[in-house]
Amino acid sequence: MADAKSLLESIARSFGYIYGREKGVRVNTISQSPTMTTAGSGVKGMEHLMDFSNKMSPLGNANADECADYCVMMFSDFTRKVTMQNLYHDGGFSSMGMSLRAMNQYSKGLEEYTDENGHIIYG
């Protein structure tokens with residue numbers, strides 16, 4: 001997923017320059033909070049990721065409706081000079097290291113996510 005996101009951001013910058021110069025069109029990407037979708041609901045541990053990001057984010061996770069509002073705002077004249085950017089809409093999650101609240105929650109251990117040999121099970 002990280003590779004696909006990086007590629008998309010690169011395309012937005014490249015096309016943003018071309019379409020900005022030639023057509024006056026703005027091209028941006030939006031990095032949304034973890035959001036439960038049909039695809040996301042099939043990911044093992046998604047509810048833990050959503051809980052973690054909600055605890056880490058100073059403003060909490062942004063839901064799908066709030067993201068839609070943000071997208072609509074990007075079409076307004078208030079953002080007429082915003083282009084070639086990856087814009088975060090994640091309640092501050094992308095700027096956090098580790099919050100005390102999240103550290104307390106997740107310092108309880110990873111025992112439930114380990115196999116019989118004590119190795120962490122990823123995915």
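Derivation of every value follows stated rules applied to the coordinates shown; laboratory data play no part. Here the structure is a predicted model, which means the values were calculated and not measured. Neighbour counts run over all protein chains shown; Cβ positions are idealised from the backbone, glycine included.
Please give, to one decimal in nm, the separation of the simple spin-label points placed at residue 86 and residue 14, each 7 Å out from Cα toward the Cβ.
Here the answer is 1.6 nm between the modelled labels.
Within segment 23-83, report the trypsin sites (Lys or Arg not before Pro) that DSSP leaves as loop and that have at most 14 other Cβ atoms within 10 Å. Don't skip to the answer; put the middle values down first.
Details: sites: 23, 26, 44, 55, 80, 81; in loops: 26, 44, 80, 81.
Loop-located and lightly packed - 44, 80, 81.
Once every DSSP H run of n ≥ 4 in the chain is given -39500 (n - 2.57) and the sum is divided by its residues, what mean residue ellipticity at 222 nm do you get, rounded to the nearest 500 deg cm²/dmol?
Details: 4 runs with 51 residues, N = 123.
Using -39500 (n - 2.57) per qualifying helix, the result is -13000 deg cm²/dmol.
Please enumerate, by chain and number, the aspartates and glutamates with C-alpha under 13 Å from the C-alpha of residue 55, excluding those fewer than 8 residues away in the same chain.
Partners found: 47, 90.
Report, ordered by chain and residue number, the aspartates and glutamates lying within cross-link reach of residue 81, taken as a straight Cα distance under 17 Å and ignoring same-chain residues fewer than 8 apart.
By straight Cα distance, residue 81 reaches 22.
Looking only at segment 49-82, which residues have a backbone nitrogen under 18 Å from a spot 7 Å from the Cα of residue 30 in the C-beta direction?
So the set is 59-82.
So for 78, 93, fewest C-beta neighbours within 10 Å to most, what's the order?
Working: 78 9, 93 24.
Going from sparsest to densest Cβ surroundings: 78, 93.
Please work out the ratio of the alpha-carbon Rg of the chain to 2.2 N^0.38 Å and round it to two decimals.
Working: Rg = 18.1 Å, N = 123, 2.2 N^0.38 = 13.7 Å.
After normalising by residue count via 2.2 N^0.38 Å, the value is 1.32.
Between 95, 48, 35, whose Cα lies farthest towards the positive end of the dipole of the chain when Lys and Arg beta carbons carry +1 and Asp and Glu beta carbons carry -1, centred on the Cα centre?
Of the listed residues, the answer is 95.
Which of these, 29, 83, 37, has the largest mean-square fluctuation under a Gaussian network model of the chain (Cα springs below 10 Å)?
37
Using the Kyte-Doolittle scale, find the helices of the chain whose mean hydropathy is at least -0.5 and whose Cα atoms extend 27 Å or more along the helix's long axis, counting only whole DSSP H runs.
2-23
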